[in-house]
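Participant: Structure below; questions to follow.
What follows draws every value from the coordinates through simple rules; no lab data is involved. Source: prediction; values computed, not measured. Don't worry about glycine lacking a Cβ; one is built from the backbone with ideal geometry, like all the others, and counts go over all protein chains shown.
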Amino acid sequence: MTRLSVNVNKVALLRNSRPLDVPSVVNIARLALAAGAQGITVHPRPDGRHIRRSDVGVLLNLVRSQGVEFNIEGNPFHEFMDVVRTSRPDQCTLVPDDPAASTSDHGWNLARDAERLRPVIAQLKTMGVRVSLFMDADDREMATARAIGADRVELYTEPYARAFGTSDQEAVLRRYRAAAQAAVSNNLGVNAGHDLNRENLPTFLLTVPNVLEVSIGHALIADALEFGIAQTVRLYLDAMRRGKPA
């Protein structure tokens, strides 16, 4: 079954609005794991507007004690690699976001970026870190992702979320299915994330094959304001079960 990694960035964003440790990022992560989440994701940025470097070590200790996975996302060309070197996460998801961007909004263009990513990927793999590349749903890019050393791709799912429930949904899902199939054909694992929620997640998983992990933050934390973090995680796990092919 697809694994759920909870992105706790939005918890940190709320905490950082006051000079307090409330809400506690670590306590929210602990509750999410106790409710059944199989991993924790963070995306530190150079300006420290949500996850801080000091959070990374504490969260790493938590996930190690629970025997689950720690995924760190970020742009390797913007003050990111030092965080990875000191934490050695299970997975590093490389994302081509601009430091000023409010959120990630596109995948890598490997025609342009492949050769500068290649040594970064090699360095991460020397550390024993699994490498995932944040990618648009373009089946033509998957062979290159594998050729430069990636272990997985994370399909950027905002275009699917925008199309969900519209006349464009089926056409968009066909692109994601083709991209996932091309990834598997090139011996890449498939992750997915960005704007997935309880409503659109089952359809995505039923249509797009071989998704190993979804990383969900914004919608899940928003739902937690209504349902509480533990119940919300259980609701997402149920949505994922409904997305499991028979």
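Participant: Could you work out the relative contact order of segment 3-242, using alpha carbon pairs under 8 angstrom and six or more residues apart, expressed as a whole percent?
Facilitator: 19 percent
Participant: Given that compact globular proteins tend to follow 2.2 N^0.38 Å, what is the ratio of the alpha-carbon Rg of segment 112-243 to that value?
Facilitator: 1.11
Participant: Using a 7 Å offset from the Cα along the Cα-to-Cβ direction at both Glu199 and Arg88, what is the distance between the two label points in nm, to one decimal?
Facilitator: For the pair Glu199/Arg88, the computed spacing is 4.4 nm.
Participant: Further question: Say R0 is 30 Å: what FRET efficiency, to the nearest 0.05, do Arg242 and His78 get from their beta-carbon distance?
Facilitator: It comes to 0.20.
Participant: Before rounding to the nearest 500, sum -39500 (n - 2.57) across all DSSP H runs of length at least 4 in the chain and divide by the residue total; then give [θ] at 222 nm in deg cm²/dmol.
Facilitator: The per-residue figure over the chain is -14000 deg cm²/dmol.
Participant: Okay, next question. Using a simple charge model, +1 on the beta-carbon of Lys and Arg, -1 on the beta-carbon of Asp and Glu, nothing else, what dipole does segment 165-246 show about its Cα centre, in debye to the nearest 20?
Facilitator: With Lys and Arg at +1 and Asp and Glu at -1, about 320 debye.
Participant: Still on this structure, I have one more. If you stretched the chain out fully between Met127 and Leu20, how much longer would it get, using 0.36 nm times the residue separation minus the C-alpha to C-alpha distance?
Facilitator: Result: 35.1 nm gained on full extension.
Participant: Using the Cα centre of segment 3-242 as the reference point, and only Cβ charges (+1 on K/R, -1 on D/E), how large is the resulting charge dipole? Debye, rounded to the nearest 20.
Facilitator: 580 debye
Participant: Counting other beta carbons within 10 Å of each residue's own, what order do Leu20, Leu62 fall into, fewest first?
Facilitator: Neighbour counts put them in this order, fewest first: Leu20, Leu62.
Participant: Still on this structure, please answer the following. Along the charge dipole of the chain, pointing to its positive end and built from +1/-1 on Cβ of Lys, Arg, Asp and Glu, which listed residue (Ala192, Ala222, Leu59) has its Cα farthest out?
Facilitator: It is Leu59, whose Cα lies furthest towards the positive end.
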